[in-house]
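A short worksheet on the structure shown next.
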Amino acid sequence: MIQWQRQPGDRLPQDRVLRWSLAGWILFGLLPQAIAVLDASPARRYWLFGLLALIALCHTVVLNRPDNPVLRPRPYLGVLALVLGATAYVLDGGAAFYVVSLPQFWLFTRTPRDAITLSGAAAALTVFGGTLGQGWSPQFLTGNVVFTVVAYAAGVGLGLWVHRFVGRSNERQEQLTAELAVAQQELAAAYQRQGAAEERERLAREIHDTLAQGFASIVVLAEAARAATVTDPVRCAEQLTSIEQTARENLAEARVLVGSAPESGVAAGSLATTLRRTLDRFVQDTGLTVTAELPDMDLDQRTRVALLRCTQESLANVRKHSGASAVNVVLAECAGGVELEITDDGCGFVVEESRGFGLDGMRRRLAELDGELAVTSSLGDGTRVLASLPTHSQDRP
């Protein structure tokens with residue numbers, strides 16, 4: 001049973017059940033009664049037509065205006081029971097009309113007890129009305145009486161079974177709904193944990209590519225400056241200047257990471273200029289020979305930042321691990337994309353055995369932009385890092 005929409009506790013049948021029930025009630029309930037009385041006396045005919053019109057009007061009101069203050073479902077069923085009894089009196093029997101009307105006592109009640117009580121009252125009135133005109137007779141158990149009683153008993157059994165079946169279905173639906181709600185909560189929590197993990201990974205990559213590299217440079221420069229304090233004051237001053245510049249850059253990057261400054265690092269359309277400045281600082285800090293081919297390109301912001309970070313990480317690896325004397329950097333356009341190649345003549349390494357955070361970070365950063373990172377190296381033969389990215393004419397959000 002389904003609750004009425006506008007009044008908690010009342011019941012309203014489903015639309016499909018309602019249509020079929022109404023059609024069946026009209027076809028097998030009202031029409032046969034109207035046809036059966038056509039040959040009766042005018043008084044009986046008018047009384048029956050009036051009763052059928054009354055119950056049809058009440059039925060229409062209850063179905064179309066369930067929230068009306070005049071006729072609620074329970075009073076309507078009382079009127080239906082009285083009409084069944086009166087119809088049985090007019091026709092000297094109304095078992096068929098009672099059987100066709102029996103489903104309404106289960107569709108328009110709130111509990112099985114109400115359905116059993118009201119349908120039982122309707123059965124009693126049907127039996128009483130059908131036998132009232134006959135008076136008391138030993139032949140009381142007529143076909144009308146037996147059919148009505150059997151229909152009532154069958155209706156109670158079937159109604160209780162349907163009520164139990166619907167109740168179990170509703171319990172199962174509520175259980176599935178609760179399980180779905182729990183699953184949705186768990187899924188939302190999993191997405192939240194995944195998002196937090198991805199954000200931590202992003203921050204770790206940004207810190208490694210900016211602050212950590214800057215601090216490593218400061219340490220190396222400070223050690224060199226201390227060693228050159230007495231022997232080469234000019235070189236010491238240059239290194240102190242580099243330490244100051246690196247510290248300022250780290251401070252700017254820290255402000256970006258904590259959100260107190262807009263994203264920095266590469267101005268619009270200035271990747272070549274930024275890379276040249278980065279390479280000049282590298283040469284100043286390390287004294288290595290650097291050659292570069294850096295044409296100006298119109299690249300979106302995320303592509304520029306990714307290529308800058310790859311350059312910074314590669315140069316940091318050259319400084320810390322390669323023992324190289326020369327570095328070559330080439331930025332070039334290709335079909336539908338851009339490539340950045342960084343090579344050195346250092347000692348090289350076995351790529352398959354590398355477990356560094358820097359290379360993995362570059363791969364993930366490029367993968368986020370549908371790019372790739374290729375690293376080629378072998379012991380004694382230097383290293384080649386190739387970053388490939390698709391190009392976009394406008395900045396991504």
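Taken together, the values in this text are just the output of simple stated rules run on the coordinates, not laboratory data. Note that the coordinates shown come from a computational prediction; the quantities given were computed from them, not determined experimentally. Methodologically, a virtual Cβ is constructed for each residue, glycine included, from the backbone with ideal geometry; neighbour enumeration extends over all protein chains shown.
Please compute the length gained on full extension between Ala237 and Ala374, using 0.36 nm multiplied by the number of residues separating them and subtracting their Cα-Cα distance. Working shown, then result.
On the way: separation 137, 0.36 × 137 = 49.32 nm, distance 3.86 nm.
Extra length available between Ala237 and Ala374 comes to 45.5 nm.
Which value, in debye to the nearest 20, describes the size of the charge dipole of segment 20-130 about its Cα centre when Lys and Arg Cβ atoms bear +1, Asp and Glu Cβ atoms bear -1, and nothing else is charged? Don't skip to the answer; put the middle values down first.
Working: 7 positive and 4 negative charges, 51 e Å.
Using Cβ point charges on Lys, Arg, Asp and Glu, segment 20-130 gives about 240 debye.
I'd like the FRET efficiency for Val330 and Asp298, computed as 1/(1 + (r/R0)^6) with the beta carbon distance as r and R0 of 22 Å, rounded to 0.05. Can you show the working numbers first?
Numbers: r = 18 Å, r/R0 = 0.83.
With R0 = 22 Å, the Cβ-Cβ based efficiency is 0.75.
Fully extended, how many nm does the chain gain between Val150 and Gln175 (0.36 nm per residue separation, minus their Cα-Cα distance)? Let's see the in-between values first.
Values: separation 25, 0.36 × 25 = 9.00 nm, distance 3.73 nm.
Length gained between Val150 and Gln175: 5.3 nm.
Local charge sum around Ala272 (other residues, Cβ-Cβ under 13 Å, Lys/Arg +1, Asp/Glu -1)? Please report the intermediate quantities before stating the final value.
On the way: positive: Arg276, Arg277, Arg304; negative: Asp280, Glu293, Asp296, Asp298, Glu333.
Here the charged neighbours net out to -2.
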